Ligand SMILES: Nc1ncnc2c1ncn2[C@@H]1O[C@H](COP(=O)(O)OP(=O)(O)OP(=O)(O)O)[C@@H](O)[C@H]1O
Ligand SMILES: [Mg+2]
């Protein structure tokens, strides 16, 4: 069974101007992602990658179509139930990090566990381990505004991994990183897939990062333009 499935997924944003009919960011995407896959999503700026990822992660509700996560239709969950699924099953790395400014880095990273009622000591240990995995343990007590962009990004990755979620959805997780740190993050994600059987879907503009994945889906204008998993199986029609 696929761990994540999109069926005719669409998202249209209402825009400020009444003269326009809205922005069709995602226009009908079907997708099936198996447990243990490492998937890269690529495509031009504005093609709908973040919008797609947000819908897959239950952060944005689709205008039409549906998302099945481990067989559960996310549309059938109210906001509270959706929050629990997101916290326990999904690790999401936001393109803009979304660290809470008033918390220290280690508190940010521990937050998903704290919200789930996990004992203090275990939260601290798990957060410290997640920070160490991205090379950020030396900044644990700093607040986000005391960190560089790349450091915040690595903190956001640690927060997404701290619960060891079945699914990691990462939006440009290496966008602010130098090549060494970028390679480290890709290796870390590949390890989660290979050693723990976690599923990783990342959005990237970096061909080197995409090359680390086992499947690449290219989005163009809100639709799937190519899918390396699919293209291999579809015979080219002869004329
Ligand atoms: N909240 C919103 N309200 C209105 N339009 C939006 C909103 N979010 C995204 N859009 C529009 O939807 C389209 C897709 O945006 P999205 O953020 O998914 O692109 P992207 O592929 O992630 O781009 P980038 O590579 O620059 O991050 C864009 O045209 C964008 O302007
Ligand atoms: Mg984006």
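Couple of notes before you dig in:
- Single residue of the stretch 189-209 satisfying the filter (surrounded by 20 or more Cβ atoms within 10 Å (Cβ to Cβ) and under 20 Å from residue 97 (Cβ atoms)) that is farthest from ligand 1 (Cβ to nearest atom): 192
- Residue 165 vs. criteria within 16 Å of ligand 1 (Cβ to nearest atom), under 25 Å from residue 52 (Cα atoms), at pLDDT 95 or above and assigned to a loop (DSSP other than H, G, I, E, B): no
- Selection from the stretch 195-210 of residues that are assigned to a helix (DSSP H, G or I) and either within 16 Å of ligand 2 (Cβ to nearest atom) or at pLDDT 95 or above (or both): 209, 210
- Number of positions in the stretch 98-147 that are under 17 Å from residue 188 (Cβ atoms) and surrounded by fewer than 17 Cβ atoms within 10 Å (Cβ to Cβ): 4
- When residue 78 is tested against (1) over 28 Å from residue 131 (Cα atoms); (2) crowded, with 16+ Cβ neighbours inside 10 Å, exactly one condition is not met: (2).
- Residues in the stretch 63-72 that are crowded, with 16+ Cβ neighbours inside 10 Å and over 14 Å from residue 31 (Cα atoms): 63 alone.
- Note on the stretch 1-85: enclosed strands (runs of 3 or more DSSP E) holding 2 or more residues that are within 13 Å of ligand 1 (Cβ to nearest atom) and either out of contact with any helix residue (DSSP H, G or I) (no Cβ under 8 Å at 6 or more places or on another chain) or in contact (Cβ under 8 Å) with a residue 12 or more places away in the chain (or both) are 2-13, 23-34, 38-42.
- Just one of the listed residues (209, 186, 203) is within 22 Å of residue 131 (Cβ to Cβ) and either out of contact with any helix residue (DSSP H, G or I) (no Cβ under 8 Å at 6 or more places or on another chain) or touching a residue at least 60 places away in the same chain (Cβ under 8 Å) (or both), namely 209.
- Residue in the stretch 218-226 that is free of Cβ contacts under 8 Å to residues at least 60 places away in the same chain and farther than 26 Å from residue 5 by Cβ present: no
- Cβ-Cβ under 6 Å pairs, at least 6 apart or on other chains, the stretch 116-129 side under 14 Å from residue 141 (Cα atoms), far side assigned to a helix (DSSP H, G or I) and at pLDDT 95 or above: 127/106; 127/109; 127/110
The values are calculated or read from the model by the stated rules, or taken from the named source; none is laboratory data. Everything quoted here is computed from the prediction, not taken from an experiment. Glycine gets a Cβ as well: all are built from the backbone with ideal geometry, and neighbour counts include every protein chain shown.
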